[in-house]
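> Quick one: the structure is below, questions incoming.
Quick note: the coordinates plus some simple rules give every number you see, no bench work behind them. Values in this document were obtained by computation on a predicted structure and should not be read as measured data. Note that each Cβ is placed from the backbone with ideal geometry, even for glycine, and that neighbours are counted across all protein chains shown.
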């Protein structure tokens with residue numbers, strides 16, 4: 001079985017659904033998670049979880065030293081731009097694993113290996129839960145020198161890290177590093193359009209080891225859903241029961257995880273609708289014990305089934 005580790009820097013206070021999140025990690029016992037955090041970790045002592053205690057400032061100092069970069073983030077969200085550099089910053093933590101990756105905490109996981117089986121892992125070097133780009137909320141990379149150094153191919157990456165606010169090189173930047181051809185770069189620089197058979201041939205060759213497969217884990221986006229719907233028409237009622245994630249629209253179809261992003265924040269909904277959890281003082285009304293019999297994730301929050 002291929003070994004996997006996900007790296008998660010998280011500072012301040014864990015979200016209110018943290019007990020549920022960690023329970024879904026506990027239910028993926030063959031996958032390891034390493035947290036760099038100053039949060040209270042009481043009650044989250046699982047065999048596949050490691051907490052490296054440090055402050056936000058200590059983490060920034062470590063990142064700057066390990067990666068030899070200038071990095072002075074305006075806020076914690078800017079840490080997302082460090083993701084392509086994780087294998088440089090955290091090499092000692094990942095060096096024994098076959099695959100390393102990143103993920104968010106506004107997630108409940110299903111059975112990750114059901115979707116990322118050993119057959120898939122043997123075939124591909126980069127795995128994303130979006131078809132159109134490498135996904136910021138979860139991505140996985142074979143532990144090779146090429147993948148570890150790919151951040152160096154992100155256009156203007158040093159200046160993008162110096163910029164104090166988030167710019168998104170963990171998605172579009174790193175995706176372009178893997179997929180752009182010399183013709184694409186020429187097109188971008190000179191605002192022309194070269195799209196010949198050689199361009200397509202080179203791009204197909206570059207993408208042969210990338211598993212960019214839409215897993216439909218994040219509702220209310222501009223990415224069409226399984227049935228072609230977009231934005232606010234996408235499924236707004238999800239179920240977690242004893243390790244399985246389903247929703248009200250797609251029958252018994254099982255999902256790798258449910259990503260809360262557009263339930264809790266209006267920024268990325270793109271259709272001018274308000275995120276239903278935004279501004280609510282409390283959204284989680286269940287305990288991890290109730291996950292066995294089933295819970296519901298909907299516009300009201302995380303509630304009993």
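> May I ask for the Kirkwood hydrodynamic radius of the chain, worked out over all distinct Cα pairs and given in angstroms to one decimal?
Hydrodynamic radius (Kirkwood, Cα pairs) of the chain is 20.4 Å.
> List the equivalent ellipsoid semi-axes of region 216-305 in whole Å, largest first, each obtained as the square root of 5λ for an eigenvalue λ of the Cα gyration tensor.
The answer is 21, 17, 8 Å, longest axis first.
> Next question. Put a dot 7 Å past each Cα toward the Cβ at residue 289 and residue 244; how far apart are the dots in nm?
2.4
> Only helical DSSP H runs with n ≥ 4 go in: add -39500 (n - 2.57) per run for the chain, normalise by residue count and round the 222 nm mean residue ellipticity to 500 deg cm²/dmol.
Helix contribution divided over all residues of the chain: -6000 deg cm²/dmol.
> Another question, if that's okay. Among 281, 254, what is the fewest-to-most ranking by other Cβ atoms within 10 Å?
281, 254
> What FRET efficiency, computed as 1/(1 + (r/R0)^6) with R0 = 22 Å and r the Cβ-Cβ distance, is obtained for residue 210 and residue 119, rounded to the nearest 0.05?
Rounded to the nearest 0.05, the efficiency is 0.85.
> Taking 8 Å as the Cα distance limit and 6 or more residues as the minimum spacing, I'd like the relative contact order of the chain as a percentage.
Dividing the mean separation by the residue count of the chain yields 17 percent.
> May I pose another question? Looking only at the chain, where both bridge partners belong to it, what percent of the DSSP beta bridges are antiparallel (to the nearest 5)?
Once the DSSP bridges in the chain are tallied, antiparallel ones form about 50 percent.
> Given 0.36 nm per residue, what is the gain on full extension from residue 62 to residue 280 after removing their alpha carbon distance, in nm?
Contour length minus Cα-Cα distance gives 75.0 nm.
> Find how much the distance from residue 159 to residue 303 grows on full extension, using 0.36 nm per residue of separation minus their present alpha carbon separation; answer in nm with one decimal.
47.5 nm
> Taking neighbour counts of Cβ atoms within 10 Å as a proxy for exposure, in what order, fewest first, do 244, 83 appear?
Least crowded to most crowded, the residues run 244, 83.
> Same structure, new question: With a Förster radius of 51 Å, plug the Cβ-Cβ distance of residue 230 and residue 75 into 1/(1 + (r/R0)^6) and report the FRET value to the nearest 0.05.
Step by step, r from the Cβ atoms, then E = 0.95.
> While we're on this one: Considering only 43, 110, 101, give the residue with the highest GNM mean-square fluctuation for the chain, with springs between Cα atoms whenever their separation is below 10 Å.
Comparing 43, 110, 101 in a Gaussian network model of the chain, the most mobile one is 43.
> Can you work out the FRET efficiency for the pair residue 40 and residue 222, with r the C-beta to C-beta distance and R0 = 51 Å, to the nearest 0.05?
Computed FRET efficiency for residue 40 and residue 222 comes out at 0.90.
> Let me ask something additional. For region 31-140, what proportion of DSSP beta bridges, expressed in % and rounded to the nearest 5, is antiparallel?
50
> Under a point spin-label approximation (7 Å from Cα along Cα-to-Cβ), what is the residue 53-residue 273 distance to one decimal in nm?
Result: 4.4 nm between the two label points.
> For a quick protection proxy, order the peptides 53-62, 87-96 by their average other-Cβ count within 10 Å, most packed first.
87-96, 53-62
> Right, here's the next one. Determine, for 225, 268, the number of other Cβ atoms within 10 Å of each Cβ, and report the residues in order from fewest to most.
268, 225
> Could you state the number of Å between the C-alpha centres of region 12-53 and region 233-257?
Answer, in whole Å: 23.
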